[in-house]
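Notes follow the structure.
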Amino acid sequence: MREGMVMSVVCRPALKEDVEALYELIQGYAAQGIMLPRSREALTRNIDTFIVALDGERLIGCGSLCRLGSDLVEIRSLGIADGYKGQGVGSKLVDALIAEAKLQGIPKVMALTYEAAFFQKNGFRIVDKEIFPEKVWTDCVNCPKQECCDEIAVVRIIEPAEKNEEISFAQM
Ligand SMILES: CC(C)(COP(=O)(O)OP(=O)(O)OC[C@H]1O[C@@H](n2cnc3c(N)ncnc32)[C@H](O)[C@@H]1OP(=O)(O)O)[C@@H](O)C(=O)NCCC(=O)NCCS
């Protein structure tokens, strides 16, 4: 465990009761242009794709897994509340999301992010966006930056090593 990490933080699957706090957290980042907004309806509909981090009763972080195909999921809506960053909570959520992907038997986990260094610390590699299938971009129709996307694609393979060759990495 990292020095200074909030000891009491736990991660668990999100519940319908978490929707309002999830909405507030995501909306805060959406307003800054670093996350796509999610409506309360969309959050309610997709609540089972979210994992939340809690400090006691307080929701202090979230992340979701969006299935993009039989072997690929995307981490979306990963955010930590102000005051809790840099204490290992983001990594804990990524660990929980990776564990969930593993449980579902999905070998590739990707993200589009402005925080590539954080993902690299968590075992991801920077790759060319173009290696992912077109369906990855379904969410991009809702993004104001779709014509000038400046996010970085990262991926982590969670299958046994011998299968790692199946993806063609184009290191940036
Ligand atoms: C990016 C974010 C999720 C990271 O969560 P966090 O809880 O602050 O990160 P952690 O404390 O788990 O950091 C893990 C490691 O990554 C490093 N790290 C975290 N953010 C970093 C950054 N912006 N740049 C470089 N390194 C970073 C930490 O220093 C730490 O390194 P260490 O293992 O050597 O100590 C969080 O800062 C956040 O919510 N940002 C705003 C929303 C956002 O951009 N989300 C990403 C969308 S894909």
**Message:** Considering only residues that are out of contact with any Phe, Trp or Tyr (no Cβ under 7 Å at 6 or more places or on another chain), of a type in the set (A, V, I, L, M, F, W, C) and within 24 Å of Tyr114 (Cα to Cα), which ones fall in the stretch 19-46?
**Reply:** Ala21, Leu25, Ile26, Ala30, Ala31, Leu36, Ala42
**Request:** Select from the stretch 98-119 the residues that are in contact (Cβ under 8 Å) with a residue 24 or more places away in the chain, near the ligand (Cβ under 8 Å from one of its atoms) and either over 20 Å from Met35 (Cβ atoms) or surrounded by fewer than 17 Cβ atoms within 10 Å (Cβ to Cβ) (or both) and list them in ascending order.
**Result:** Tyr114
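Tally time: how many residues in the stretch 9-53 are surrounded by fewer than 16 Cβ atoms within 10 Å (Cβ to Cβ) and among the polar types (S, T, N, Q)?
First pass over the stretch 9-53, keeping only residues surrounded by fewer than 16 Cβ atoms within 10 Å (Cβ to Cβ): 10, 12-13, 15-17, 20, 24, 27-28, 31-34, 37, 39-42, 44-45, 48.
Checking the rest, the ones that are also among the polar types (S, T, N, Q) come to 27, 32, 39, 44.
Count: 4.
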**Fill in**
Considering the stretch 69-97, residues that are within 17 Å of Ala153 (Cβ to Cβ), touching a strand residue (DSSP E or B) at 6+ places or on another chain (Cβ under 6 Å) and not acidic (Asp, Glu), and then whichever is nearest to the ligand (Cβ to nearest atom), we arrive at Leu78
**Request:** Test Asp150 against the stated conditions and say whether it is part of a loop (DSSP other than H, G, I, E, B) and either within 11 Å of the ligand (Cβ to nearest atom) or at pLDDT below 90 (or both).
**Result:** yes
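Grab the helices (runs of 4 or more DSSP H) fully contained in the stretch 1-114, keeping just those with 1 or more residues being more than 17 Å from the chain's Cα centre (by Cα). It would help to see each step written out before you state the result.
Values: elements: 19-31, 40-45, 89-103.
Helices (runs of 4 or more DSSP H) meeting the threshold: 19-31, 40-45.
The values are calculated or read from the model by the stated rules, or taken from the named source; none is laboratory data. What you see is a predicted model, and the numbers here were worked out from it, not measured in a lab. Methodologically, a virtual Cβ is constructed for each residue, glycine included, from the backbone with ideal geometry; neighbour enumeration extends over all protein chains shown.
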